[in-house]
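What follows is a short report on a single structure.
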């Protein structure tokens, strides 16, 4: 039975079909992008999926590339992020699959997106934080601890330092970090168990002595009365969300006077991996710790190391000097 709202009927059917083929995270991502398009279409008078044309989709992709995205945090605050041409790809692929599915199911005669071809954006260069940036963050975190007077303030200061240090040293992803439980941390072995990874498989990650100390201090201050196993807690004792972790990083950048630096907290993962590669030269080990499925993904992390090494050849001179030397 087709419901009165054909858009919602199709979106629900698409979701059910995806659930038999891909991981839950992919299902959510695809359905979120399809829902975003449906809201745009309905807002522009396209209440019937059969009326969607190639031109409509071109207008939608232009809208995506030229209109800032608005994200609402858990506390209700809004944040705008400017999008560009690369943003279209994140909507293009889910919509292509959605319309192909609708054709295969017999709801549409042909896919309106079939005549549109977008190439995936080239991966952006992975630029790590520099040593002076990390020292500035550490200085802010140490100051937070020194000025804290109440147990709650000390807990938050210890938490923020443990979050930053663990993210840097373990190379785990933001969502993986936010989903950690207390039992996932092995202080003695200096290991962390990642149960819910992007690739759908659990893995182990490590951390050093400074992170061990930061985690020990935080765990000693985390309230025993909290009735959940989430590792990170808010001031009120609730589990800290991904948005909460990102807010910690934004605050640190502001207090350290580094708001001008591009990149979110994910840049810490890049930084830790780059330091690991420079120190160990172990590409395969780095891939395993990052949770990458292929070495090609990990090789992006070597770009700045190779460029920095190449620049050392100049030693104050350049090709013109060598020609006349």
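Of all the numbered requirements in (1) assigned to a helix (DSSP H, G or I); (2) assigned by TED's automatic domain parsing to the domain that holds residue 276; (3) in contact (Cβ under 8 Å) with a residue 60 or more places away in the chain, residue 95 misses one, and that requirement is (2).
Identify the single condition in (1) over 30 Å from residue 88 (Cβ atoms); (2) not in a helix (DSSP H, G or I) that residue 122 does not satisfy, given that it satisfies every other one. If we test residue 122 against (1) over 30 Å from residue 88 (Cβ atoms); (2) not in a helix (DSSP H, G or I), just (1) comes out false.
Filtering region 177-197 to residues that are in contact (Cβ under 8 Å) with a residue 24 or more places away in the chain and farther than 20 Å from residue 226 by Cα leaves 187, 192, 194, 197. The single residue among 278, 300 that is in the same structural domain as residue 167 (by TED's automatic domain parsing), over 22 Å from the mean Cα position of the chain (by Cα) and either within 26 Å of residue 191 (Cβ to Cβ) or surrounded by fewer than 14 Cβ atoms within 10 Å (Cβ to Cβ) (or both) turns out to be 278. Is one or more of the residues making up region 275-289 under 15 Å from residue 171 (Cβ atoms), in contact with a helix residue (DSSP H, G or I) (Cβ under 9 Å, 6 or more places away or on another chain) and not in a helix (DSSP H, G or I)? Yes, some residue in region 275-289 is under 15 Å from residue 171 (Cβ atoms), in contact with a helix residue (DSSP H, G or I) (Cβ under 9 Å, 6 or more places away or on another chain) and not in a helix (DSSP H, G or I).
For region 8-17, state whether one or more residues are in contact with a helix residue (DSSP H, G or I) (Cβ under 9 Å, 6 or more places away or on another chain), at pLDDT below 95 and on the phi > 0 side of the Ramachandran plot. Among the residues of region 8-17, not one is in contact with a helix residue (DSSP H, G or I) (Cβ under 9 Å, 6 or more places away or on another chain), at pLDDT below 95 and on the phi > 0 side of the Ramachandran plot, which makes the answer no.
If you go through region 235-257, how many residues are crowded, with 18+ Cβ neighbours inside 10 Å and part of a loop (DSSP other than H, G, I, E, B)? Residues that pass the stated criteria total 2.
The values are calculated or read from the model by the stated rules, or taken from the named source; none is laboratory data. Keep in mind that what you see is a predicted model, and the values were worked out from it rather than measured. We place every Cβ from the backbone using ideal geometry, glycine too, and count neighbours over all the protein chains shown.
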